[in-house]
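I have placed the structure first, in the form of structure tokens, so that the comments after it can refer back to it.
Derivation of every value follows stated rules applied to the coordinates shown; laboratory data play no part. The structure displayed is predicted, hence computed values, not measured ones. So basically every Cβ, Gly included, is an ideal-geometry build from the backbone, and we count neighbours across all protein chains shown.
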Amino acid sequence: MTWLPEHADGGTPLDRVLGLRPDLAGPYREFIDIFWRDRLVDPVVLDLCRLRVAQLLGCLAELGMRTPEAVAAGLTEEQATRVAAWPTAECFTDSQRAALAFAEQFVIDPHGIAGPIRDDLREHYPLPEVVALTEALALFDGFQRLQLVLGDD
């Protein structure tokens, strides 16, 4: 439920809000689709990070979704539902843990992304993927916060 007096048609709460500004919705969708379409980062890693951001922010609309590209690439429901347990759950790889640690700290306090988190991320991902993951996290974080602010979570 949103406090906005109107909304557009759309399949998700974010679609219904962004639909009020198609001049912004189109470029947003084009940009976010690049990450999935061009596989700038493993789609499973991207969706795990998106889900962890949603958990940390309490964005229920995002928690209930699975990105089709991630599912097709091997995202399991166990991973999706156990993402909060990423440090110890056996269903995550070391590279997924490195990305999830980075995502978690990104949301909590980006200034706290210290050497060990950066070093672990760089051990598992080449620099272009680190840049892409950082951009994706900024979009996940920002647009999930937008949903929460507008009450469309």
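A compact table of results
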{"read-out": "In region 83-153, chymotrypsin sites (Phe, Trp or Tyr not before Pro) in a DSSP loop with at most 13 other beta-carbon atoms within 10 Å", "value": "none"}
{"read-out": "Extension gain (nm, one decimal) between ALA84 and VAL131, 0.36 nm per residue minus Cα-Cα", "value": "14.6 nm"}
{"read-out": "Calculated [θ] (222 nm, deg cm²/dmol) that DSSP helices of n ≥ 4 give over the chain, each run adding -39,500 (n - 2.57)", "value": "-19500 deg cm²/dmol"}
{"read-out": "Cα gyration tensor category, rounded, prolate or oblate, for the chain with a/c compared to 1.5", "value": "prolate"}
{"read-out": "Among 21-29, 62-70, 74-82, the order from most to least packed when residues are scored by Cβ within 10 Å on average", "value": "62-70, 74-82, 21-29"}
{"read-out": "Overall form of region 9-51 per C-alpha gyration tensor (a/c, 1.5; a/b vs b/c)", "value": "oblate"}
{"read-out": "Additional length obtainable on full extension of the chain from ARG122 to GLU30, 0.36 nm per residue less Cα span", "value": "30.4 nm"}
